[in-house]
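Enquirer: Provided herewith is a single structure, encoded as structure tokens, for subsequent inquiry.
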Amino acid sequence: MFGFVLVLVLVGMAVGVLIGNGILGTVIALAIASVSAFVSYWKSDSIALRVSRAVPADPVVYKRLHNLVEGLCIAGGLPKPRVYIVHDPAPNAFATGRNPKNAAIAVTTGLLEKMNRVELEGVVAHELSHIKNYDILVMTLAVTLVGTVAILTDITIRMMWWNGGRVARAGDRDNRSNPLALIGIALLIVAPLLARAMQAAVGRRRETLADVSAVQLTRYPPGLISALEKLQADSTVTHSASMATAHMWIEQPLPGVNDTGRLGFFHKLFNTHPPLADRIALLREI
Amino acid sequence: MNALWIVLVVVVLLVVWVVLSYNRLISRRNEVDNAWSQIDVQLKRRLDLIPNLVETVKGYAAFEKSALEAVIDARSKAMSAAPNPAAQGAADVGLTGALRQLFALSEAYPDLKANTNFLSLQEELQNTESRVAFARQFYNDAVERYNNSTQSFPGVIFAKSFNFADREYLEVEAAAAVPPSVKF
């Protein structure tokens with residue numbers, strides 16, 4: 001989070017140098033980003049569920065799933081979230097909702113078919129941990145800051161363009177090129193990428209936290225380890241996911257793995273989840 | 001004049017700090033009480049399932065009477081146990097053992113095993129056992145959080161004067177760690 005704020009301050013300074021109104025610009029960008037992020041956060045559960053075409057899980061047909069969720073909610077002191085099913089052959093799951101009272105978890109039919117009881121329990125525990133740790137709130141804050149940076153840099157670059165590339169400075173009549181301006185421009189171009197990389201890093205940390213919290217709930221690491229191993233071996237691609245929702249699923253739903261089975265450098269930087277092998281190794285150490 | 005303001009601010013900050021610590025102790029203690037009642041809810045649920053089970057099994061006249069009677073006995077013991085964690089724990093261990101014996105013996109009666117009533121009751125009981133285990137886990141976690149508050153700074157300063165006693169953990173009896181011997 002500190003890194004985010006730092007980037008935001010640097011961008012604000014760059015904007016100040018370039019168009020002479022850094023603070024106001026930053027505040028406006030922050031306001032726009034906050035409003036849009038807040039709306040999406042408030043409605044995060046219904047948005048996420050509709051995008052993934054999730055349907056409520058029938059309590060009789062999916063009795064085992066409901067039982068597992070209820071048991072783990074007792075263990076975690078959480079109210080029971082709404083349970084949904086996504087009809088997709090790829091094994092995956094996600095959790096969403098602004099706080100434990102307005103939460104929902106969804107599981108694919110592929111996951112229900114491929115996992116046994118203890119593995120399913122591990123996955124459900126992971127998703128409940130996301131709800132318990134308020135990860136949706138954390139990621140919304142991250143997205144707000146990214147959005148602020150993106151809006152600010154976008155507006156600034158456009159304003160510079162309209163000004164004919166001159167650095168506007170109050171009382172500055174010459175067209176002396178300002179060295180700070182060059183650094184400012186470079187920063188503006190790089191900042192959105194940097195912000196996104198940081199958002200991905202925050203996401204990875206919260207995923208690891210959710211893995212560890214899940215084991216704290218079940219007190220049974222082999223369950224989740226076995227589930228992650230099965231996910232690693234499975235290569236079906238989740239079709240119900242999109243770029244926007246990729247970060248919520250338990251496993252990276254988009255293909256980005258090259259032939260050697262390892263992620264390329266840029267994929268690693270912007271990866272929303274830590275690699276499965278690392279997650280499994282971490283859990284084994286517990 | 002300045003010194004007076006500083007003293008005032010310090011006093012206000014101290015009071016706020018004490019209030020926050022006290023409130024945290026209260027909420028943690030309430031969490032422990034809530035967790036304890038939750039175990040009760042799950043245990044009662046299990047006790048409620050047993051009469052059904054007994055009725056279903058009774059129909060199979062050849063079934064071992066002693067195992068059935070053991071379950072009924074254990075149930076009444078559990079219902080009349082004193083409401084402290086230790087006594088309840090002991091009664092519960094007895095009930096778990098008796099139930100396990102019953103289900104192990106049912107393996108020898110294929111008709112009983114095929115009875116859908118019996119199967120669904122068995123699943124419900126297993127499910128409830130799982131919930132009891134989770135409720136106990138949550139209780140112990142809540143006790144840990146509460147004891148942490150009373151034992152560490154700043155709770156340790158005024159815990160005694162405000163009547164915040166440490167709570168005891170739920171422990172598994174040594175008897176429960178030994179699997180019940182099943183005699184056919």
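Enquirer: Treating the angle as unsigned and between 0 and 90°, give the value, to the nearest 10°, between the Cα long axis of helix B:65-79 and the longest Cα principal axis of chain B.
Expert: 20 degrees
Enquirer: Let me ask another. Counting only other chains, and only Cβ atoms inside 10 Å, what mean value do you get across the residues of B:122-128? Write down the numbers at each step before the final one.
Expert: Details: counts 0, 3, 1, 0, 1, 6, 2.
Whole-number average of other-chain Cβ neighbours for B:122-128 is 2.
Enquirer: Work out the FRET efficiency for residue B:158 and residue A:219 from their Cβ-Cβ distance, taking R0 = 30 Å, and round it to the nearest 0.05.
Expert: Once the sixth-power term is evaluated, E becomes 0.35.
Enquirer: For residue A:101, go through the lysines and keep the ones whose alpha-carbon is under 18 Å away, minus same-chain ones fewer than eight residues off.
Expert: Within the straight-line limit of under 18 Å, residue A:101 reaches these lysines: A:43, A:80, A:132.
Enquirer: Also, I was wondering about something else. Report P(r) for segment B:27-177: all Cα-Cα distances, bin width 5 Å, range 0 to the bin holding the largest distance, values in whole percent.
Expert: 2, 9, 16, 18, 15, 11, 9, 7, 5, 3, 2, 2, 1
Enquirer: What is the spin-label model distance, in nm, from residue A:278 to residue B:104 if the labels are put 7 Å beyond Cα along the C-beta direction?
Expert: Between residue A:278 and residue B:104, the simple spin-label model gives 4.8 nm.
Enquirer: For the Cα atoms of chain B, what angle does the longest principal axis make with the long axis of helix B:116-151, in degrees from 0 to 90, nearest 10?
Expert: Value to nearest ten degrees: 20.
Enquirer: How tilted is helix B:85-106 with respect to the longest principal axis of chain B? Cα atoms for both, answer in degrees (0 to 90, nearest 10).
Expert: Once rounded, one gets 30 degrees.
Enquirer: Expressed as a rounded percentage, what relative contact order does chain B have, with Cα pairs under 8 Å and six or more residues apart?
Expert: 33 percent.
Enquirer: Using Cβ counts within 10 Å as a stand-in for footprinting exposure, how do A:23, A:32 rank, fewest first?
Expert: Ordered by Cβ neighbours within 10 Å, fewest first: A:23, A:32.
Enquirer: With N set to the residue count of segment B:13-107, report its C-alpha Rg divided by 2.2 N^0.38 Å to two decimal places. Could you put the intermediate results ahead of the total?
Expert: Values: Rg = 20.4 Å, N = 95, 2.2 N^0.38 = 12.4 Å.
Rg over 2.2 N^0.38 Å, computed on Cα atoms: 1.64.
Enquirer: Give the order of B:146, A:62 when sorted by the count of other beta carbons within 10 angstrom, beginning with the fewest.
Expert: The order, fewest Cβ neighbours first, is A:62, B:146.
Each reported figure results from applying straightforward, stated rules to the coordinates on display, with no laboratory input. These numbers come from a predicted model, not from an experiment. All Cβ positions, even for glycine, are placed from backbone atoms using ideal geometry, and neighbour counts span all protein chains on display.
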